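Here is the structure we will look at, set down as structure tokens.
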Amino acid sequence: MTRALGAGLRRVVRAADPVSGRLKGTEAQLAGLVERGLAFRHPRAPHGHFLTPAGHRIREGEDDAAGRSGPEPEGGASGGGTSGSRASGGVFAARVGGEEEAAEGGAARVREVRSAWQGLLELRRMSHPDGATDRPCGWERGHLVQAAALALEAAGHRPAGADAGDGGYRVRETPQPEAVAVYEAEGEALRACAATLEAAGWQAGEYTEPRTRTRYLLASPRRV
């Protein structure tokens, strides 16, 4: 479907907000994406246009292609299933902890994180029939690690660096469906992460790994 899009429509899709999928473009461009099933017009004022799940897949495919054909993003790619502050093509990504190179901090990063979190709340509002923002939406269930990390980073928790001994949170995938593991070196910090995730609409329980005796949270998006 990407090949059927003209260059102008591809630019609109690539420029969509990576979390909420909100689009900016001319009326003709937006109508063209709606006609192709890649976008929809929100029924509530101000009647913005947003990517559909198919549109999100197209945008992610465009970013992947850009990353393969262009230079590696500044900061490089992280191993072990982690991601940096930017994904391929310069798309925002919450820090999951353990990145080899720390994301740029300061006021600019705070603004980026705040904007991403507000975009996610808007996505929740338009995804739920009752307009609720207190529980995760479908995007979060499809991007568990990034969603949990965004909730933590937006609340001011510090992500871990490459050195595990320096503290900070780490969010990792688990074999369990719809669940992530969250690690923190300090017990009080781990409990603070649990409180943040619960306030953000997640269920979080504290467990101990049998072999290492490491304490961690098992967190999953709340449905009701």
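The values are calculated or read from the model by the stated rules, or taken from the named source; none is laboratory data. Keep in mind it's a predicted model, so treat the numbers as computed, not measured. Positions of Cβ are backbone-derived with ideal geometry, glycine not excepted, and every protein chain shown enters the neighbour counts. What goes into the accessible areas is simple: the full protein's heavy atoms, side chains included, and nothing from ligands, DNA or RNA. Shrake-Rupley method; radii C 1.70, N 1.55, O 1.52, S 1.80 Å.
Sort 33-42, 116-125 by the packing proxy (mean of other Cβ within 10 Å over each peptide's residues), most packed first.
Sorting 33-42, 116-125 by mean packing, highest first, produces 116-125, 33-42.
Give me the one-decimal nm value for the distance between modelled label points at residue 173 and residue 218, 7 Å along each residue's Cα-to-Cβ direction.
Taking the simple label geometry, residue 173 and residue 218 are separated by 1.9 nm.
Between residue 109 and residue 35, how many nm apart are label points set 7 Å from Cα along the C-beta direction?
Each label point is offset 7 Å from its Cα along the Cβ direction, giving 4.5 nm.
Of all the C-alpha pairs in segment 94-224, what % are more than 27 Å from each other?
16 percent
Sorted by average packing, counted as other Cβ atoms within 10 angstrom per residue and highest first, what order do 143-156, 183-196, 202-215 take? Kindly include the intermediate steps, with their values, before the conclusion.
Values: 143-156: 22.6, 183-196: 16.6, 202-215: 12.5.
Descending packing order for the listed peptides: 143-156, 183-196, 202-215.
Just the number, please: carbon plus sulfur as a percent of the accessible area of segment 138-224, 1.4 Å probe, no ligands or DNA/RNA counted.
49 percent
So how exposed is residue 26, as accessible area in Å² (1.4 Å probe, rounded to 10)?
Here the residue's solvent-accessible area equals roughly 70 Å².
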